[in-house]
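Below is one structure; the comments refer to it alone.
The values are calculated or read from the model by the stated rules, or taken from the named source; none is laboratory data. For clarity, every value in this text was computed on a predicted model and none was experimentally measured. Positions of Cβ are backbone-derived with ideal geometry, glycine not excepted, and every protein chain shown enters the neighbour counts.
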Amino acid sequence: MIDIIPDIVLVEDNPADRELMLEALQENNLANRVKVLRDGEEAVNYFFRHEESGPCGICEPPSLILLDLNLPKISGLEILQKIRADERTKAIPVVVFTSSPREKDRIDSYQLGVNSYIEKPFKYNDFMKAVSQLGRYWAVLNKPPY
């Protein structure tokens, strides 16, 4: 069986936020190839796995990684640091999409090489609009280096 390489990798532990993001991506025809990862450990294993039956998870990189910061097991900042430190993943666009209003998280994200930092809007319509806009830009308009 051939595994389909996703256009977007969503790393989000909150079930409600995950469903809203998938709904917004689907409404904009961007959800047909989304890989959902539910915690930091799952994300690291996906991006950097080496399996007997196949290649690493990122041999064909996605168009975009949507990354929450407040994740169980391994934090989003640690994941971002690993992504930027590895030659195979460092050019993949990463957007932090988080509920964290802390300035330190924003500064640390940019220092680690994030492409964009967005605080999750609290209102449903604003949330849906934000996901729609960032999905369209990064998955449709942006031209990645690979």
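Among the residues in region 92-114, are any of a type in the set (S, T, N, Q), more than 21 Å from Y46 (Cβ to Cβ) and touching a residue at least 24 places away in the same chain (Cβ under 8 Å)?
Taking every residue of region 92-114 in turn, at least one turns out to be of a type in the set (S, T, N, Q), more than 21 Å from Y46 (Cβ to Cβ) and touching a residue at least 24 places away in the same chain (Cβ under 8 Å).
So which of D3, D39 ends up being farther than 20 Å from G135 by Cβ, at pLDDT below 80 and charged (D, E, K, R)?
Among D3, D39, only D3 is farther than 20 Å from G135 by Cβ, at pLDDT below 80 and charged (D, E, K, R).
Limited to region 92-109, what total is found for residues that are over 20 Å from P121 (Cβ atoms) and in contact with a Ser or Thr (Cβ under 9 Å, 6 or more places away or on another chain)?
2
Look through region 45-104, keep the residues that are part of a strand (DSSP E or B) and surrounded by fewer than 19 Cβ atoms within 10 Å (Cβ to Cβ), and return whichever of them is modelled with the highest pLDDT.
E51
Cβ contacts < 6 Å: first residue small (G, A, S), restricted to region 9-36; second residue assigned to a helix (DSSP H, G or I), any location; separation 6+ or different chain. Result?
Listed by first residue and then by second, the contacts come to A24/M128; A24/V131; A24/S132; A31/L22; A31/L25.
Report whether or not Y137 is modelled with pLDDT of 95 or more and surrounded by fewer than 16 Cβ atoms within 10 Å (Cβ to Cβ).
No.
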